[in-house]
There are 2 protein chains.
Amino acid sequence: MIAPSILSADFARLADEAAAVASADWLHVDVMDAHFVPNLTIGLPVVKSLRKATDLPLDCHLMIDDPDRWAIAYAEAGAYNVTVHVEAANDPVQLAKNLRAAGAKAGLSLKPGTPLEPCVEVLKHYDTLLVMSVEPGFGGQSFMAEVLDKVRAARRLVDTGHLKLVIEIDGGINADTIEQAAEAGVDCFVAGSAVYDAADPGAALERLREQATRAR
Amino acid sequence: MIAPSILSADFARLADEAAAVASADWLHVDVMDAHFVPNLTIGLPVVKSLRKATDLPLDCHLMIDDPDRWAIAYAEAGAYNVTVHVEAANDPVQLAKNLRAAGAKAGLSLKPGTPLEPCVEVLKHYDTLLVMSVEPGFGGQSFMAEVLDKVRAARRLVDTGHLKLVIEIDGGINADTIEQAAEAGVDCFVAGSAVYDAADPGAALERLREQATRAR
């Protein structure tokens with residue numbers, strides 16, 4: 001699965017930018033609050049407008065403080081998947097239950113420096129695991145290959161039936177990095193500049209999907 | 001002057017929404033961080049996209065913590081006027097100097113409960129004063145007429161040459177409230193739902209301008 005990130009899109013024309021990647025599996029929406037990460041992007045009113053502007057499932061990645069307070073509103077606004085950061089959540093198990101009760105898939109994200117092991121029990125309550133392969137906050141950063149060990153460990157837990165998760169990766173995914181991520185066991189690839197900086201975002205997305213499918 | 005607020009616009013089509021109010025004086029951009037106010041709207045990447053999408057002067061209203069750290073980037077992104085909250089700024093005089101040095105007008109905003117008097121010395125360094133006529137955070141709220149005393153006091157300070165400011169008001173401005181605000185001495189009227197909820201936003205804006213001009 002490929003999830004283009006609108007962080008690299010033209011924010012004045014998001015409806016058109018969503019239409020340009022109509023064959024995507026999910027549309028990745030980077031919500032940042034200038035506190036959990038040093039950037040302020042878009043929030044709930046934009047997600048509400050986007051929900052009306054596209055049929056793509058919205059994959060909302062909340063890089064915000066206090067997701068326990070704010071995440072449910074994104075589910076209620078029609079997000080398909082709402083991902084919170086384990087470093088920011090106070091009660092991630094209850095939060096996952098609330099997200100599912102609100103009709104969304106529940107996602108948990110780990111920064112590059114956050115280990116997987118202490119999160120395994122919590123992840124039993126989640127539908128997606130988002131492994132960050134850059135420090136969250138900005139698009140266009142370089143891929144951190146060292147997080148692939150975390151992907152491989154998660155893949156083993158899924159393949160052996162200990163967890164039931166879509167494994168997603170976000171940060172520096174492009175034609176040079178997607179194959180190693182696919183080989184490590186990623187199911188869903190977030191790609192920002194690799195899609196939206198291309199002359200034809202739809203074609204760039206298809207090329208990434210072919211590369212990942214072949215490598216996987 | 002009328003400054004339509006995109007807080008009430010369709011965030012998936014901001015370029016079109018700006019074009020729909022092409023006769024506006026400024027385009028008002030509500031930046032909220034879910035910390036200074038309980039809502040998260042849009043931030044710097046959206047302002048950068050907007051700057052390319054419209055020729056309207058961007059009037060950026062930063063309802064955020066620590067504007068001393070963040071405001072300059074909005075000026076550098078091409079905002080015409082950058083307004084910070086006196087309740088959030090650590091050193092509002094230095095901040096105004098930095099904004100002007102970066103090529104923007106400097107604006108200072110006061111919440112409804114914040115008195116004018118302690119801010120008068122600081123306001124000597126500013127170009128605009130934004131009087132909030134609702135609690136900042138959301139569109140569609142009712143006008144608080146009690147803030148007009150603050151507008152009248154500011155008007156006197158400007159008319160007597162003690163301050164040199166554009167007096168701006170934000171919150172609940174519509175056909176029922178704009179005349180009393182104009183009579184009190186407002187120069188620039190922010191209007192969100194009164195413009196963007198209208199069938200013809202451009203016509204709604206012209207009607208508001210006529211009402212304000214007549215009353216003033």
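Values quoted throughout were computed directly from the atomic coordinates according to the rules given, and no laboratory measurement underlies them. Remember, it's a predicted structure, so these values are computed and weren't measured experimentally. All Cβ positions, glycine included, derive from the backbone under ideal geometry; neighbour counts span all protein chains shown.
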Taking only the Cα positions of the protein assembly as shown, the convex hull volume per residue in Å³ is 135
Checked against the positive end of the charge dipole of chain A (+1 on Cβ of Lys and Arg, -1 on Cβ of Asp and Glu, about the Cα centre), the farthest of A:7, A:128, A:190 is A:128
Proxy exposure order for A:179, A:210 (fewest C-beta within 10 Å first) is A:210, A:179
With R₀ set to 60 angstrom, the calculated FRET efficiency between the beta-carbons of residue B:122 and residue A:122, to the nearest 0.05, is 0.80
With -39,500 (n - 2.57) per DSSP H segment of 4 or more residues and division by the full residue count of chain B, the 222 nm estimate, nearest 500 deg cm²/dmol, is -10000 deg cm²/dmol
Beyond 26 Å, the calculated P(r) of region B:2-215 holds a percent of Cα-Cα pairs equal to 27
The simple spin-label model distance between residue A:97 and residue A:23, using points 7 Å out along Cα→Cβ, in nm, is 4.3
For region A:131-142, in residue order, the Karplus 3J(HN,Hα) values (coefficients 6.51, -1.76, 1.60; θ = phi - 60°; whole Hz; Gly and Pro = x) are 8, 7, 10, 8, 5, x, x, 9, x, x, 7, 8
Relative contact order in percent for chain B (Cα pairs under 8 Å, 6+ apart) equals 19
If each part is reduced to its alpha-carbon centroid, region B:22-54 and region A:1-42 end up apart, in Å, by 16
With the label set 7 Å along Cα→Cβ, residue B:114 is separated from its counterparts in the other copies, in nm and shortest first, by 3.4
Distances in nm between the label point of residue A:162 (7 Å along Cα→Cβ) and its equivalents in the other copies, shortest first, are 7.1
